[in-house]
Every structure is written in C-alpha cells, then in structure tokens.
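Peer 1: First the structure, which I've put down as structure tokens, then a few questions once you've had a look.
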Amino acid sequence: MGEVWEGHDRVIERRVAVKLLPHDRRDTSGAEVFFREARTAGGLSHAGVVTILDLGQDPGDGTLCLVMEFPAGRALDRVLREDGVPEVATAVDWVAQTAAALQAAHTAGVVHRDLKPANLMLTRDGRVRSSTSASPGTSRPRTSRARSSARWRTCRPSGSATTP
C-alpha cells in the first residue's frame, strides 16, 4: 500500500490527505496503471466517496502521489475499537452508506480493492466516507521525511495508523 500524510494545499489554503506510494521509476507500466485508475476515480462525485484532487510523481525517486480531500473524522475501525458495537440501526445506516458509495464507484468502473473498517471514515456528522484506495489514517504514516512541491506541503503523518 502506501503512506498517508496530512498536508496543506498552499493555493486553496485547505487541509488535504497526501498518499505516497513508493515506485520504481523504471516501471512505467505500473505508473500508467496508477494514473489511469486515479483519473477514473477522480471523476467520481458522490457524498460517500473522498474526492481526489491531484496526482503526480516525484521526478527524483519515482514516488507516486495521490492528493485527496481530508475528511474530518475517525476511521471506522477506530470508532468500533473505542466506542464498541453500535446500535443495529446505526450499523445498518453505515452499511447502506458504504453500499451507496461502492455502487457509485462500480458504476464508474472503479473497484475498491481494500474495503475494510480501517479504510472507511466516519465523519463528525455521521457520514461514512470511502476512497478508492485508502483514507487518511489507514496507512502506516511516514515519519522520516516530508515532501513538498510548489502547491502541496506535507505537514505531518495523518492520524493513528493501522497496517494495511
């Protein structure tokens, strides 16, 4: 998988999630697949799907980068661990929201390859949000170095981590 960092969009002045995926620059087919899938997922517009804002590749080491909106909330695995089992009606609502997001993704030809509570965010207003890859706080955070570009400045690792 990759590492998800909390970042800051310098142009629009907003918080973002930056997913970094190590990649060998010599493997052009892998980068092409990443970009094609990210562009397809970036075309999704659904309340239950985290919006992809940008993507790119570090010219130095080939690391692939996916920039997404940063939904305020907690990963669903953390919610379950900290708050316990929800009421049946609440659990059914979460499943229905997730199913609606997956239906929107599948209609657009996108398949979520790693659906699990750690990759679903429960926002403060009770909405379940998913990404086509991993949401902030679900991948092992990068702690050794930060990345920056003209637009994106990675601030710090996002939330608590779980192993993908």
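Peer 1: Once you order the gyration tensor axes a ≥ b ≥ c over the Cα atoms, which shape class does region 49-110 get: rounded for a/c under 1.5, otherwise prolate or oblate by comparing a/b with b/c?
Peer 2: oblate
Peer 1: Taking H as built 1.01 Å from N, whose amide H comes closer than 5 Å to the amide H of residue 70, not counting residues under 5 places away?
Peer 2: Here 17 satisfy the definition.
Peer 1: Extending each Cα 7 Å along its Cβ direction at residue 115 and residue 27, get the distance between those two points in nm, one decimal.
Peer 2: Modelled inter-label distance: 2.6 nm.
Peer 1: Calculate one ³J(HN,Hα) per residue across region 83-90 by plugging θ = phi - 60° into the Karplus curve 6.51 cos²θ - 1.76 cosθ + 1.60, and present them in order as whole Hz with x for glycine and proline.
Peer 2: Coupling constants for region 83-90: 9, x, 5, x, 4, 4, 4, 5 Hz.
Peer 1: Spelling out what I want: for every residue of region 53-64, take phi, set θ = phi - 60°, compute 6.51 cos²θ - 1.76 cosθ + 1.60 (Karplus), and round to whole Hz; glycine and proline get x.
Peer 2: In residue order, the calculated couplings are 9, 6, 8, x, 9, 5, x, x, 10, x, 4, 8 Hz.
Peer 1: Still on this structure, I have one more. Within region 10-52, name every residue whose backbone N is under 19 Å away from a label modeled 7 Å from Cα of residue 96 along the Cβ vector.
Peer 2: 46-49
Values quoted throughout were computed directly from the atomic coordinates according to the rules given, and no laboratory measurement underlies them. On a predicted model such as this, the values are computed, not experimentally measured, just so you know. Positions of Cβ are backbone-derived with ideal geometry, glycine not excepted, and every protein chain shown enters the neighbour counts.
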